[in-house]
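Heads up: the structure comes next, in structure tokens.
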Amino acid sequence: VTMIIGQTASQIAKSIEDVVSSGRLGPGDLLPPVRQLAQELGVNRNTVANAYQHLARTGFVYSDGRRGTIVASGMPSPARFVSEIPSELRDLSVSNPEIGLLPDIRSILRRFEPVPALYGDIGHLPELVECTSELFRKDGLPAGEVIVAGGALEAISLALTGYLAPGDKVALEDPAFSNCLQLCRTLGYAVVPLSQDDQGILPGSLKEALSKGIRAIITTPRAQNPTGAAMSPQRASELALIVNGSPDLLVIEDDHFSMLTGAEPVTMCTPRTKHWAIVRSVSKFFGPDMRVAFVLGSSKTTKNIERQQQLGPRWVSKILQRLVFELLQDVGAMKTVAAARASYDRRRPALVNALARHGLMAVGQTGLNVWLPVDHEQRIAARLYERGWAVLTSESFRITPMSAIRFSIGGLHDELIERLAADTAEAINAPPSRMTV
Ligand SMILES: Cc1ncc(COP(=O)(O)O)c(C=O)c1O
């Protein structure tokens, strides 16, 4: 017997939200099967199914195939589990770039003369398309169309909705970029996990996913979030051989760290791939507030994205596109990007090595994160919180069960690294107490 009430889909959905906010059902809990709840409430099964669908569209629940409909976690916070609130907290939970390592846009804004644009002038800024096409070409990526979208997540979302139907299967690296995972679940796709190592997705795992009938795959070829893996050229060609057998598969490559990584640009798209997009956001090097990403893709996929853009975002403000274009041309801004890259490339291995000195095996080849598999992730995250560090657990990223914590190094200055490693070792080695979970 559930505590859910209601006779219409919206009443039932509202009641489920109430049950969750009162704590009687929580993240990870299963909702009753549609048939059972319909029987209990004396309503048609479609009414309950509609309520569940509504909750899934708003990201409140997600469907996990055979297991059923599950309450989503939102963004978990270790604060839920702590017994003491620290006086000072270093937030390593968001993979933000360091604000001091973003180019200063003020000098560019001062010499900037934006002109008003009308409906007829909308679309992608030609100069920006031209200069980013050149960047893609220099990196040896396949020829295609280039368009501009409002950030990586928007581009990925529109590429998916332009091609897939709810219920379709989408493969993601496990663990995956949390927003992407949440996006796929909210859009009603069945998420299929891909196993990976430090060279990227394992070929056997891709074959298995294809045998399950996936219609799309989303990968982060460099600076995989959260593990920091970078796909090696050899692995990319092995994967391309497999993808080559599935010309209708939509391949989305989220190259969000592009200018900030020394890892080689690679792709698993092949000349036979009809639906593909390589997405480069400026969030990590010019700042997340820019909301601009360049998309290189097949004409089928870029057209699909543009069609979806018409329905909501319509276009990326020309003023913003111009600003990003100016930044790309600016010698000072590009020097700042190079300095940011050097700084992240120093911090990540410094943290991995400091943890190794405490016997802890973390990974983080590229990107803004270091990933440390641990037992009892919630307990470790809570203890780190008590010591003044906010981190995320694998809960946000995993598809299959695992236990790990993610440190984002954007706000982690060199002088803090040793203390973080020592605190982490202490958090892991301290005996369980009654106070923490
Ligand atoms: C894997 C990955 N892709 C993309 C982004 C950035 O997305 P957006 O361009 O929407 O800001 C991030 C930021 O954390 C990321 O980790």
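Computed from the coordinates by the stated procedures, all read-outs in this text should not be read as laboratory data. Keep in mind that what you see is a predicted model, and the values were worked out from it rather than measured. Virtual Cβ from ideal backbone geometry, glycine too; neighbours counted across all protein chains shown.
Residues in region 112-124 carry Karplus couplings, in order, of 8, 10, x, 10, x, 10, 9, 3, x, 8, 5, x, 7 Hz; the curve used is 6.51 cos²θ - 1.76 cosθ + 1.60 with θ = phi - 60°, and Gly or Pro positions show x. In a simple Cβ point-charge model (Lys, Arg +1; Asp, Glu -1; nothing else charged), region 237-282 has a dipole of about 160 debye relative to its Cα centre.
Projecting the alpha carbon convex hull of region 249-294 along each direction and taking the average yields 3.5 nm².
Rg/Rh for region 260-350 to two decimals, with Rh computed the Kirkwood way over all alpha-carbon pairs.
Working: Rg = 15.9 Å, Rh = 15.4 Å.
Checking Rg against Rh, the ratio lands at 1.03.
Couplings 3J(HN,Hα) for region 98-108, derived from phi with the Karplus relation 6.51 cos²θ - 1.76 cosθ + 1.60 (θ = phi - 60°), are 6, 4, x, 9, 9, x, 7, 7, 5, 5, 6 Hz, where x marks Gly and Pro.
Taking 0.36 nm per residue of separation and subtracting the Cα-Cα distance, what length does fully extending Ala430 through Leu311 add? Before the final figure, lay out each step's value.
Details: separation 119, 0.36 × 119 = 42.84 nm, distance 5.37 nm.
Extending this stretch completely gives an extra 37.5 nm.
Against the empirical curve 2.2 N^0.38 Å, the C-alpha radius of gyration of the chain lands at a ratio of 1.02.
Assuming R0 = 51 Å, what is the FRET efficiency of Ala339 and Asn46, from their Cβ-Cβ distance, to the nearest 0.05? It comes to 0.30. Need one number: the % of Cα-Cα pairs in region 170-264 sitting beyond the 16 Å mark. Roughly 51 percent, rounded to a whole number. Here region 338-437 yields Rg over Rh of 0.96, to two decimals, using C-alpha coordinates and the Kirkwood radius. Rg of the Cα atoms in region 371-429, relative to 2.2 N^0.38 Å, amounts to 1.08. The listed peptides 350-357, 24-31, 174-181, ordered by packing as a protection proxy, come out as 174-181, 350-357, 24-31 (highest mean of other Cβ atoms within 10 Å first).
Highest-first packing order for the peptide set 292-301, 93-102 is 292-301, 93-102, based on the mean count of other beta carbon atoms within 10 Å.
Listed by chain and number, the lysines whose alpha-carbon sits under 16 Å from that of Lys274, ignoring those within fewer than 8 places in the same chain, are Lys300, Lys303.
The modelled label-to-label distance between Glu127 and Ser195, using points 7 Å beyond Cα along the C-beta direction, is 5.1 nm.
The Cβ shell under 11 Å around Val370 holds other residues with a net charge of +3, Lys and Arg each +1, Asp and Glu each -1.
Could you order the peptides 58-69, 110-121 from most to least packed, using the average number of other C-beta atoms within 10 Å per residue? List each step's numbers first, then the result.
Values: 58-69: 15.7, 110-121: 8.7.
Output ranking for 58-69, 110-121: 58-69, 110-121.
Secondary-structure-derived ellipticity at 222 nm for the chain, considering helices only, amounts to -12000 deg cm²/dmol, per-run term -39500 (n - 2.57) for DSSP H runs with n ≥ 4. Region 222-293 and region 84-155 have Cα centres separated by 17 Å.
State whether region 48-186 is rounded, prolate or oblate according to the following rule on the C-alpha gyration tensor (a ≥ b ≥ c being the square roots of its eigenvalues): a/c under 1.5 gives rounded; otherwise a/b larger than b/c gives prolate, and the remaining case gives oblate. Write down the numbers at each step before the final one.
Details: a/c = 2.14, a/b = 1.32, b/c = 1.62.
The shape class here is oblate.
From the alpha carbon centroid of region 362-397 to that of region 304-361 is 22 Å.
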